[in-house]
Amino acid sequence: VTLPFLQKLEEKVGKSLSIKLNDNRSTILSVKWEPAKIKVSLHRLFLQAPQEVFEGLARYLRREEKKISIAVKKFINNNLEQQRPSKKIDSNKLSTKGVCYDLVEMYHSLNGEFFENRLQLFITWFGNPKSFNKTKITLGLYHDSLNLIKIHRLLDSSRFPKEVVRYVVYHEMLHHVCRPEVSLKTGRRKIHTLEFVEREKKYPQFLEIDQWLKNYYKNYFKGVC
Ligand SMILES: [Zn+2]
């Protein structure tokens, strides 16, 4: 940890701090108040925090404020926002045409229907439909730093209705649109925000599709699927 920062913060808080810096986007700030010292895990971006944010952080660590201040929350959200997309993707290396479903086709039709064709994302199949893990299954992923959606090859099958697959793609596209928020209570990053959940429900036949997926998961973990 950069010494001046730690010293400054320790002076401000008036208690011994043990600080761990991280680059982990899911834990931006976590604090454990112990009798002798305060254990803090902090995202690296706090090293560049303006005075207002620094003060807000110190007040929170001193437990003068139960919640993280608005200034701190804004700082976290704005900075994380600026950190995204930098890497480039070679679209030739993506696999989009499956046996059953064409991901690019689905993506384009969703982009037109729900996002006014504004999104510019990549999409690809991933994983092996035959050798997959029976204790954990991820049907779709969104890689923020790459603007890349990944859909598990397991879904490239007539066992999955087209509308279900399309919905999974829609869910991942929403991740690009509805930005994660940092919870005021816990300091943790929330990915499925209220806004996200509301927009998700607007998908046609959301309830039926959701139920279909829940049943699928249930059977999957029972080993029926
Ligand atoms: Zn999600």
**Request:** Identify the residue in the stretch 166-184 that is away from the ligand (no atom under 15 Å from the Cβ) and touching a residue at least 40 places away in the same chain (Cβ under 8 Å) and, among all such residues, is farthest from Leu110 (Cα to Cα).
**Result:** Leu184
**Prompt:** Any residue at all in the stretch 81-94 that is at pLDDT 85 or above, over 29 Å from Arg188 (Cα atoms), open to solvent by less than 30 Å² (accessible area, probe 1.4 Å) and among the hydrophobic types (A, V, I, L, M, F, W, C)?
**Reply:** no
**Item:** Boolean, Ile149 is open to solvent by less than 40 Å² (accessible area, probe 1.4 Å), modelled with pLDDT of 95 or more and either under 17 Å from Cys178 (Cβ atoms) or over 23 Å from the mean Cα position of the chain (by Cα) (or both)
**Value:** yes
**Asked** For the stretch 152-167, what are the residues that are open to solvent by less than 10 Å² (accessible area, probe 1.4 Å) and out of contact with any Pro (no Cβ under 7 Å at 6 or more places or on another chain)?
**Response** Leu155, Phe160, Val164, Val165
**Message:** I'm trying to understand the selection: among the residues of the stretch 178-193, which are at pLDDT below 75 and among the hydroxyl-bearing types (Ser, Thr, Tyr)?
**Reply:** Ser183, Thr186
**Message:** Looking at Ala58 and the list (1) in a helix (DSSP H, G or I); (2) open to solvent by 50 Å² or more (accessible area, probe 1.4 Å), which single condition is not satisfied?
**Reply:** (2)
**Asked** Within the set of pairs 6 or more residues apart or between chains, which connect a residue that is at positive phi inside the stretch 195-221 to a residue that is in a helix (DSSP H, G or I) with Cβ atoms less than 7 Å apart?
**Response** Gln205/Glu163
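The values are calculated or read from the model by the stated rules, or taken from the named source; none is laboratory data. Quick caveat, the model's predicted, so the values are computed rather than measured. Cβ atoms come from the backbone with ideal geometry, glycine included; neighbour counts cover every protein chain shown. Surface accessibility is based on the protein's heavy atoms, side chains included, excluding ligands, DNA and RNA. Shrake-Rupley method; radii C 1.70, N 1.55, O 1.52, S 1.80 Å.
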